[in-house]
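Q: Below you will find the structure I want to go over with you.
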Amino acid sequence: MNHDSYDNTYIAGILNSVKTIAVVGASANDVRPSYFVTKYLIDKGYEVFPVNPGHAGKDILGRMTYASLADIPAPIDMVDVFRASAAVPGIVDEVLRLDPLPKVTWMQLTVRHDEAAARAEAAGIKIVMNRCPKIEYARLAGEIGWNGVNSGVLSSKRPVMREGFQSFGIRAK
């Protein structure tokens with residue numbers, strides 16, 4: 001798959017299908033991007049599991065923090081990677097040891113590792129690199145336009161209301 005650009009339906013399909021998300025590199029520091037992305041995903045109704053070995057056993061946004069993906073007591077649909085690109089092969093190794101396998105491994109802005117991505121895809125895991133699920137959700141749901149940002153998505157249709165604070169959901173095409 002070409003990971004230089006993604007079709008809106010590919011991203012929307014992922015964000016509509018996943019229910020549980022492990023945020024690897026989650027931070028308890030409320031000014032870190034991983035903190036407000038975790039908060040946003042929780043507010044949108046996802047079940048989020050923070051993963052941070054230095055904070056394991058403690059609370060981030062009312063959620064228990066785990067040392068590793070293997071420690072999470074529930075199946076994970078998506079692994080969101082907030083670590084440097086050099087850490088991705090080890091994270092993918094950990095993902096591939098999970099049973100059941102997650103549906104998606106998502107690498108945050110500036111995070112890309114093509115070889116590790118190819119290994120995950122060979123196991124049937126969808127990959128997104130160099131993107132933020134918070135930004136993509138807001139762009140596809142039309143929320144990002146509330147701030148005057150061009151989302152690249154035009155629609156005259158009224159948003160589909162879902163549960164959660166200002167959560168309009170993502171309209172499947």
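A short reminder: the numbers here are calculations on the coordinates, not readings from a lab. Everything numeric here is computed off the predicted structure, so don't read it as measured data.
Q: On each of the three principal axes of the Cα atoms of the range 73-121, give max minus min coordinate, whole Å, ordered largest first.
A: 28, 18, 15
Q: Once you sort the root eigenvalues of the Cα gyration tensor of the range 1-72 as a ≥ b ≥ c, which label holds: rounded (a/c under 1.5), prolate (a/b larger than b/c) or oblate (the other case)?
A: prolate
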